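Written out below as structure tokens is the structure these notes cover.
Nothing in this text is a laboratory measurement; each read-out follows from the coordinates by a stated rule. Since the structure is predicted, the reported quantities are computational estimates derived from the model, not experimental observations. Here Cβ is always computed from backbone atoms with ideal geometry, including for glycine, and neighbour counts include all displayed protein chains.
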């Protein structure tokens, strides 16, 4: 393998290769940022722990303290199953799952190499903000936190069309497979074992049985509201410990409760804080109309990243070209630009409110548990045939035509999830979630659990990319084990109450940002994205997606309302395909997209 010149963007990640072949002795050479032998090459721009331990193990770890690293080394070399020649269909780490997945802060990764068996074991923390992309063939494992690096070291370029379908349905991807054939990802909260002449073994360690405690749930239910509020404060302080010695922290903020609270809370404890806000001056209502009074109220200065068409499209294509993946949403483009401006202004440390909705019940599924929806759910007690007819009578015309064309009723095949077996696996698991005191409580727990598992596997790479491509360091307190654990066991009455999602969290934050800000309704600012992207629609006619799907995608696009997010998804995938599959240049695409 020749890695020279193949890491143009990696600032905080790692890359390397390992030969899964038996070696009796390895002479390991250590340089400033890499370790290599006849069997492996490992390069990292972050601090790495490395140790040769008993029974011929070589162990690398990133994101662990010295004590945590020693603990993991002992657990790995004493796990007898890893010394078996064949470990397929056997349970890995049956009794220490909690210790593995609670590797404290996001980003912990362990590579354990056993030379005499030609084996490498990869362990992930549960949050997994540092992605691991890999290709494994001919007993060689190529890996990197940067998808481009893996692509440049493999000969495969085919597309997984079912992952395209997943994006069209869900607007993002989850699971172990990327959009590229034979280029996969090692999921957070799991263990993967690569062995000479064997198939890869993947197992989840982040499971309901290892993370969910009925006893802890009962404890929270029995506590008073004031006692739970105190638990929230303790967990928040624990999650913010890494920022205690940072004199200045930047907070990306659009006036929402989570980011507003983080700024106010840090400022109250004496730290210098700056808000950074995405702003569209030409929109009917711009973000600064919310942020200026909030900034004044909290006495926190706010800087604005003003978006126009040129800035939006330039940053959009830049990121897609770097990441080799479609974007997950248009709002992230503004965040990329704001980060660049903040770095130019000298800001280097950031904190994000991402994950607060997952922890405290702010996600849209929790609205589906409101009394009116629960009333309709009572109809599920009707016989199956009547339920089917009721459903078919109220769905849209297009959905009705599609439904009556199906051989099997939709609910009977729902577990295959539009052909995405990885989502089917998740669905099958969550339906076995333990039954609590009520169906509502159980479904609230299921929704929380789905997000805790889905977000790391599907979205965390975009959080990592902010640091990887722009620079700086971002802290995600709501991904800390203390808050994740609290959120998973928080009773439903504290998540949705009095018509508010995140009800108890809002009460907690109101002390710092005021009741009006904490409890005001979420507002979606009008966006100019659809106007800026409108000229790009001409690319759909005879384009990448039309050829891939053998369908008139342009016609489908034109039939959608101008505000439909599916329009963004179609153009997003079209541009990705033109860049990375058809080999068109960013400049060529930008010229087309800028034309009237």
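What nm distance separates the two modelled labels at residue 348 and residue 401, each placed 7 Å from Cα along Cα→Cβ?
6.0
Expected output is a single nm value to one decimal: the length gained when fully extending between residue 381 and residue 246, i.e. 0.36 nm times separation in residues minus the C-alpha distance. What is it?
Gain on extension, residue 381 to residue 246, equals 43.0 nm.
Can you sort 20, 581, 550 so the residue with the fewest Cβ neighbours within 10 Å comes first?
With the sparsest Cβ surroundings first, the list reads 550, 581, 20.
Evaluate E = 1/(1 + (r/R0)^6) for residue 29 and residue 216, where r is the Cβ-Cβ distance and R0 equals 41 Å; express this FRET efficiency to the nearest 0.05.
The value I calculate is 0.30.
What is the distance in Å between the Cα centroid of the range 163-224 and that of the range 305-336?
Centre-to-centre (Cα) distance: 28 Å.
Would you compute, from DSSP H runs of 4+ residues alone, the mean residue ellipticity of the chain at 222 nm, taking -39500 (n - 2.57) per run and dividing by the full residue count, rounded to the nearest 500?
It comes out at -12000 deg cm²/dmol, rounded to the nearest 500.
Arranged by the count of other C-beta atoms within 10 angstrom, fewest first, what order do 382, 488 take?
382, 488
Where q = 0.13, 0.14, 0.19 Å⁻¹, what log10 of I(q)/I(0) comes from the Debye formula for the range 169-317, counting one point per Cα?
Values, matching the q order: -1.00, -1.05, -1.11.
Quick one: give the max-minus-min coordinate of the C-alpha atoms of the range 14-209 along each principal axis, largest first, in Å.
49, 39, 34 Å, listed from the longest principal axis down.
Using Cβ contacts closer than 10 Å as the measure, can you line up 332, 187 from fewest to most?
Fewest-to-most ranking of 332, 187: 332, 187.
Return the distance in nm (one decimal) between the two label points of a simple spin-label model at residue 560 and residue 522, each offset 7 Å from Cα along Cα→Cβ.
In this crude label model, residue 560 to residue 522 measures out at 2.0 nm.
Using 1/(1 + (r/R0)^6) with R0 = 51 angstrom and r between the beta carbons of residue 224 and residue 156, what's the FRET efficiency to the nearest 0.05?
E(calc), rounded to 0.05, equals 0.35.
Quick one: grab Rg to one decimal and Dmax as a whole number for the chain, Cα atoms only, in Å.
Cα-based Rg and Dmax for the chain come out at 24.7, 71 Å.
How far is the Cα center of the range 271-297 from the Cα center of the range 462-521, in Å?
20
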